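Heads up, the thing below is written out as structure tokens.
A short reminder: the numbers here are calculations on the coordinates, not readings from a lab. None of the values given here were measured: they were computed from a predicted structure. All Cβ positions, even for glycine, are placed from backbone atoms using ideal geometry, and neighbour counts span all protein chains on display.
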Amino acid sequence: MAVKTLKRSFWQRLLGKPVTSPPLDASCWSFSEGKVVVDLSRAPELSKPGSAVRLEGVDLPKRILVVHGDDGEYYAFCNQCGHGGRRLDPVPETNTIQCCSIGKSTYSYEGKVLAGPAKKPVTLFPVQKMENLLEITIL
Ligand code: FES
């Protein structure tokens, strides 16, 4: 599996500024009873393989990175690097995600560490796709 580095400036990495944004329509997702439901029809950011959004909020117990993988599948990761806890981004056309920080720890879609200083894998949450809805079980 290829390990590539996302192009980011030194300052972006130092400050831990991720490429991935929250969805423009903040109401495209909801959280209840341990499950996050994302309405893909209201999250155009996830329409193409290689794309992603980050979900964060006061009621959500864990930050989530939702990735529309290069393989066409959807993945949901705990958005916390196994090294220092910084946020993650997908690296297009590599089937990997990468820490936005200086260390650039890189993980497979299974959450396994492929490169960088992280010693712990990233947690992957189960995702079920039903028509235009993604159901992510986080608890
Ligand atoms: S916090 Fe991710 S590599 Fe250090």
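Of all residues in the range 70-81, those that are surrounded by fewer than 21 Cβ atoms within 10 Å (Cβ to Cβ) and either within 13 Å of the ligand (Cβ to nearest atom) or closer than 23 Å to G57 by Cα (or both) total 3.
Residues in the range 88-108 that are within 13 Å of the ligand (Cβ to nearest atom) and either outside any loop (DSSP other than H, G, I, E, B) or surrounded by 20 or more Cβ atoms within 10 Å (Cβ to Cβ) (or both): L88, D89, I97, Q98, C99, C100, S101, K104, S105, T106, Y107.
Just checking, how many residues over the range 113-134 are surrounded by fewer than 12 Cβ atoms within 10 Å (Cβ to Cβ) and among the basic types (K, R)? Residues flagged as surrounded by fewer than 12 Cβ atoms within 10 Å (Cβ to Cβ) and among the basic types (K, R) within the range 113-134 amount to 1. Within the range 14-34, being closer than 26 Å to V113 by Cα and either within 17 Å of the chain's Cα centre (by Cα) or among the hydroxyl-bearing types (S, T, Y) (or both) holds for G16, K17, P18, V19, T20, S21, P22.
So in the range 116-138, with the set limited to residues that are in contact with a Lys or Arg (Cβ under 7 Å, 6 or more places away or on another chain) and within 16 Å of the ligand (Cβ to nearest atom), which one is farthest from K7 (Cα to Cα)? It comes out as P121.
Condition check for Q80 on (1) more than 14 Å from T20 (Cβ to Cβ); (2) part of a loop (DSSP other than H, G, I, E, B); (3) not acidic (D, E): one failure, at (1). Put simply, of C99, C81 the only residue that is free of Cβ contacts under 8 Å to residues at least 24 places away in the same chain and not β-branched (V, I, T) is C99.
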